[in-house]
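The structure under discussion appears below in the form of structure tokens.
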Amino acid sequence: MIEYDMMNRPNWVFDEAVSNIFDSHIRASVPFYDEIHRMSAELSDWFIHDNSTVYDLGTSTGQAVLNLQNRHANRNLHFIAVDSSIPMINKAKERCKDVPNVRFVNDKIENMELEKADLVLALFTLQFIDLDNRKGVVAKIRNCLRDGGALILVEKIMSEDPRIGVIFTELHEE
């Protein structure tokens, strides 16, 4: 279900209905979504090693966890997949049923204490955190990273130059 905020921007409610169409919707509406996931998995090569802890903040349907497990199947990884929506967590559990060492956490990121980690993914996640809380969340992530660890952060942004949005939309549609 989509609700709208005071500025008439969509405010997603990640209920059962949205969780059922999420994968197809995001692939249609976010330019290069699969490419972003592919590149994030490639970048992980520099930060993941045996016994690494990896957070997927805003895991949605668990695609990033599955991608990382497939890429690093020979390593003993510990995943913490976080989402504030129970229907999304349920979809992620379905998708990741064969991934060992995944802990699913149903909570808001801003409420959590984060364990030490080697890699944190926040793919299209911060936009759903209140603006007043984002700086604290990013600081919390920074503080949980082990030496040599990394945050892979991807967000949709709006350029002040509307041509940029048109360019990316046209590239995506092509």
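Here the convex hull built on the C-alpha positions of the range 100-174 has a volume of 159 cubic angstrom per residue.
Across the range 108-174, the mean sequence separation of Cα contacts (distance under 8 Å, 6 or more residues apart), normalised by length, yields a relative contact order of 41 percent. For the range 89-168, carbon and sulfur atoms together expose 51% of the accessible surface, with a 1.4 angstrom probe and every protein chain in place. A Förster radius of 35 Å combined with the Cβ-Cβ distance from M39 to K116 puts the calculated FRET efficiency at roughly 0.90.
Working note: Debye formula, equal point scatterers on the alpha-carbon atoms of the range 26-173, no solvent; log10 I(q)/I(0) at q = 0.20 Å⁻¹ is -1.30. Charges were assigned to the Cβ only: +1 to each Lys and Arg, -1 to each Asp and Glu. The resulting dipole of the range 15-174 about its Cα centre is roughly 460 debye. Between F168 and D147, the contour length at 0.36 nm per residue exceeds the Cα-Cα span by 4.0 nm. When only Cα pairs below 8 angstrom with a gap of at least 6 residues are kept, the range 28-111 shows a relative contact order of 29 percent.
Annotation: amide H of D56 within the under-5 Å range of I80, A81, V82, L121, sequence separation 5 or more or interchain, hydrogens built in the peptide plane.
The values are calculated or read from the model by the stated rules, or taken from the named source; none is laboratory data. It should be emphasised that the depicted structure is a prediction, and the values quoted were computed from it without experimental measurement. Ideal geometry is used to build each Cβ from the backbone, glycine not excepted, and the neighbour counts take in all protein chains shown. Side chains are part of the model used for accessible areas, which takes the heavy atoms of the whole protein and leaves out ligands, DNA and RNA. Shrake-Rupley method; radii C 1.70, N 1.55, O 1.52, S 1.80 Å.
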